[in-house]
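Worksheet: the structure to be examined is printed underneath.
The values are calculated or read from the model by the stated rules, or taken from the named source; none is laboratory data. These figures come from a predicted structure and were not determined experimentally. Don't worry about glycine lacking a Cβ; one is built from the backbone with ideal geometry, like all the others, and counts go over all protein chains shown.
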């Protein structure tokens, strides 16, 4: 299958959706893109010589190819794997991966590790960043939200196409330096302040201890409240998931009931298939018997003349 996302049907409105019932192949399209770029998918982490759940059953070869464009140029990335002699029962061969210039066809790299480096250099994203930002596979959005701040910032830069987060980091550093200079100035100004009397210092110290204790209590309550909120959020998500699973179970039960007539036909057909060899033998025997009877009749008719 070939999908041209530059076709006016996709590009004219600037946005489109991939829709269809469960099992129609929506995620498979995204898997194919990810496979061509990185040689693996969110649903299948490794494709090796010893195992390939990507290749269709009863086939001897498979491939995925993506042509994409970045600020550095247009690229064509191709991934493939086949069985020995491309036979469906042949032994799996090592997968092949290459990246080339989409316009000239010049191959930049054909080693699996080298292709991964070329892809990251061309797009600015490794497999984890790509799946969290561009792909966001089923359940992957939570991984993006839960990523460390240092991991999220580069991803967001790739999504927005700007360096705003780097600029924010630079501005924060500059602001910290400015505030540090102000602090040093204030410390120099307060160096000549008269020291408090012991009674005043003790009174302020007691007030400070009280405030610190209040702060500790409030921090504990805040932490407990945060845990409770997270717990309730988790429960709400699980309830929704249970509801979705119940809906899917109902749909599956309906499908099972609808399939009953076909299942009976299938069972009868399988029974007939199991007798196919015996039936063929019986048919051959009957034909031989008919031929023998015809020959016997011919011989009996000729017998008086021969006698």
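Brief remarks on what is shown
- Test for residue 43: is it within 26 Å of residue 126 (Cβ to Cβ), surrounded by 12 or more Cβ atoms within 10 Å (Cβ to Cβ) and in contact with a strand residue (DSSP E or B) (Cβ under 8 Å, 6 or more places away or on another chain): no
- Inclusion of residue 241 among residues that are in a helix (DSSP H, G or I) and either closer than 30 Å to residue 22 by Cβ or in contact (Cβ under 8 Å) with a residue 60 or more places away in the chain (or both) is warranted.
- Residue within region 256-268 that is over 27 Å from residue 21 (Cα atoms), without any contact (Cβ under 8 Å) to a residue 12 or more places away in the chain and not assigned by TED's automatic domain parsing to the domain that holds residue 22 present: yes
- When region 131-148 is filtered for residues that are in a helix (DSSP H, G or I) and modelled with pLDDT under 75, the ones remaining, listed by number, are 132, 133, 134, 135, 140, 141, 142, 143, 144, 145.
- Any hit, region 289-307, residues being closer than 30 Å to residue 21 by Cα, without any contact (Cβ under 8 Å) to a residue 60 or more places away in the chain and part of a helix (DSSP H, G or I): no
- Restricting 94, 11, 100, 36 to those that are out of contact with any strand residue (DSSP E or B) (no Cβ under 9 Å at 6 or more places or on another chain) and either closer than 17 Å to residue 130 by Cβ or at pLDDT 85 or above (or both) reduces the list to 11.
- Residue count for region 46-80, restricted to those that are without any contact (Cβ under 8 Å) to a residue 40 or more places away in the chain, farther than 21 Å from residue 3 by Cβ and in contact with a strand residue (DSSP E or B) (Cβ under 7 Å, 6 or more places away or on another chain): 1.
- Residue pairs meeting the criteria (Cβ under 6 Å; at least 6 apart or on separate chains; first within 19 Å of residue 134 (Cα to Cα), in region 112-124; second modelled with pLDDT of 90 or more and assigned to a helix (DSSP H, G or I)): 119/37
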